[in-house]
Number of protein chains: 2
Amino acid sequence: MDEDVLYHLDLGTKTHNLPAMFGDVKFVCIGGSPNRMKAFALFMHKELRLEDAEEDMKDICAGTDRYCMYKIGPVLSISHGMGIPSISIMLHELIKLLYHARCCDVTIIRIGTSGGIGIAPGSVVITDEAVDSFFKPQFEQIILDNIVTRSTELDKELAEELLNCSKDISDFPTLTGHTMCTYDFYEGQGRLDGALCSFSREKGLDYLKRAYNAGVRNIEMESTVFAAMCRLCGLKAAVVCVTLLDRLECDQINFPHDVLVEYQKRPQRLISKFIKQRLGLRDQTS
Amino acid sequence: MDEDVLYHLDLGTKTHNLPAMFGDVKFVCIGGSPNRMKAFALFMHKELRLEDAEEDMKDICAGTDRYCMYKIGPVLSISHGMGIPSISIMLHELIKLLYHARCCDVTIIRIGTSGGIGIAPGSVVITDEAVDSFFKPQFEQIILDNIVTRSTELDKELAEELLNCSKDISDFPTLTGHTMCTYDFYEGQGRLDGALCSFSREKGLDYLKRAYNAGVRNIEMESTVFAAMCRLCGLKAAVVCVTLLDRLECDQINFPHDVLVEYQKRPQRLISKFIKQRLGLRDQTS
């Protein structure tokens, strides 16, 4: 191709010097909410004690409202919206960006929110296996009109390294477990409180308990396609999500705002610790 | 339920007086991009000649960054992000909102962007049938671990009314056709320019031509679940998308920014005309 337009990131090979802009990237952290990924960027700026002013940190994708992107030294922080299709568009264009920028040895981590199953709200789950609604570690990609099944295996060593990092953080529990990825927040996750519901509380609970028995500890909406695409493109990937509620107890997220905000910082704190350790920086906070 | 928290809209039955806020809503217009839906709100404010100042128009969902929402008299303008999962979360919560607010006779229209097949870029397609990647007018919803097939039939009279409105607008072509809804922008739509591609240009083109022969005139990523959910909940629904390129010619969207901006206004102009006609307002612009 003469030119590659990364349409949804508002970047391109002719309009931007991608190697100069991104060549030193070693860590890519992604999450659904643009505000949360901006907060993570500000947090990392402080943690890495970078010299440039915090005010200079600009949204690299400001020309589009599909995603936001911030660069903090060797760290990229990007939002991906909600659900498999939204994250897959971002990943296609991000992976092309890393290729055009000639980045190497990049580690990519999704830091998200999720519903827990049978664990205390506020727990952080490091995914050992991303599974679909049928508890299978696979992602079905429709290519033209064929269905292709892809493995959702994640990097085992990276997950272990993250679990080790978590041992120094004592004020919230971190565990490894399977993460179930669904196409929908309501009917697909056994919630009774959507606009449509065709099953009983009993049936919904039975499904969630079967998920628990299959090793699932949390549910979100992006992990399978994330794992599948990163694996095929040779990126070491991990999924680290905090749980905002225990789905065996309730359907609605109704903790006070400040509690939810603190929960959402937990994966960020773990990932900051991990990145600083990798960079050989001394830890000041935890 | 004692309280219903519409989590992703940052609204709730205990924290907000939903009937007072939304009881008079008759038209809901939705689209992927928050900036575009804000622009539509500002445009409708001018078109409906409302007396309150434009500056008073606030994002009703400002407390969350998942979606944005503006109210312009009887019109709601809401963003839904990209893809089936993202729009489905918004629709569940919007439909509950309309129920709690005791709204009646609501018409809902998705005004979006899409890739065309065999039609000139800039054409506006009114969907007569939303079909999946296999050209079938159905949506497969996973409920717990069952797959339930739902009809994606849209309101025929509404589509006809919209087509009639379009006859007064002479500076761009509007047509009816099937709209194909995919889970992915790259591999699922036969694009060769994603990070992953396992088929030839020939195979991709063959698929797009088969889609054309099945009656598909444009491709986007939300119409099937939108049609299925609105139908089940008794909302009259339509999909009106502009095409940004002809997929038989190319994969990348690379028209100049101002051309794309003008294209994106086309569905808005059509819907404004339709709403003003329904409200019995005289048309000033077209």
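Screening the candidates B:187, B:249 for the property of being of a type in the set (D, E, K, R), within 9 Å of chain A (Cβ to nearest Cβ) and either crowded, with 21+ Cβ neighbours inside 10 Å or under 25 Å from residue A:5 (Cβ atoms) (or both) yields one hit, B:187. For the structure I just gave you, tell me whether residue B:183 is within 18 Å of the chain's Cα centre (by Cα), of a type in the set (Phe, Trp, Tyr), closer than 30 Å to residue A:220 by Cβ and modelled with pLDDT of 95 or more. For residue B:183, the condition - within 18 Å of the chain's Cα centre (by Cα), of a type in the set (Phe, Trp, Tyr), closer than 30 Å to residue A:220 by Cβ and modelled with pLDDT of 95 or more - is met.
Of everything in region A:14-55 that's among the basic types (Lys, Arg) and over 23 Å from the mean Cα position of the chain (by Cα), which residue is modelled with the lowest pLDDT? Of everything passing the filter in region A:14-55, A:49 is modelled with the lowest pLDDT. Among all residues of region A:144-152, there is none that is at pLDDT 95 or above, hydrophobic (A, V, I, L, M, F, W, C) and surrounded by 14 or more Cβ atoms within 10 Å (Cβ to Cβ). Going through A:155, A:184, A:145 one at a time, which residue ends up being of a type in the set (Asp, Glu), over 30 Å from residue B:208 (Cα atoms) and not assigned by the TED database to the domain that holds residue A:82? After ruling out the rest, the residue left standing is A:155. Taken over region A:1-23, the criterion of being away from every other protein chain (no Cβ under 14 Å) and without any contact (Cβ under 8 Å) to a residue 60 or more places away in the chain is satisfied by A:16, A:17, A:20. From the residues in region A:137-183 that are touching a residue at least 12 places away in the same chain (Cβ under 8 Å) and within 9 Å of chain B (Cβ to nearest Cβ), which one is farthest from residue B:182 (Cα to Cα)? Among those residues, the one meeting the criterion is A:182. Answer yes or no as to whether residue B:107 is in contact with an Asp or Glu (Cβ under 7 Å, 6 or more places away or on another chain) and either in contact (Cβ under 8 Å) with a residue 12 or more places away in the chain or within 14 Å of another protein chain (Cβ to nearest Cβ) (or both). Spelling it out, it is not the case that residue B:107 is in contact with an Asp or Glu (Cβ under 7 Å, 6 or more places away or on another chain) and either in contact (Cβ under 8 Å) with a residue 12 or more places away in the chain or within 14 Å of another protein chain (Cβ to nearest Cβ) (or both). If you go through region A:237-257 and keep only what is outside any loop (DSSP other than H, G, I, E, B) and modelled with pLDDT under 95, you end up with just A:257. Against the criterion of being farther than 20 Å from residue A:121 by Cα and open to solvent by 40 Å² or more (accessible area, probe 1.4 Å), residue A:203 qualifies.
The values are calculated or read from the model by the stated rules, or taken from the named source; none is laboratory data. No experiment lies behind these values; they were computed from the predicted model shown. Here Cβ is always computed from backbone atoms with ideal geometry, including for glycine, and neighbour counts include all displayed protein chains. Side chains are part of the model used for accessible areas, which takes the heavy atoms of the whole protein and leaves out ligands, DNA and RNA. Shrake-Rupley method; radii C 1.70, N 1.55, O 1.52, S 1.80 Å.
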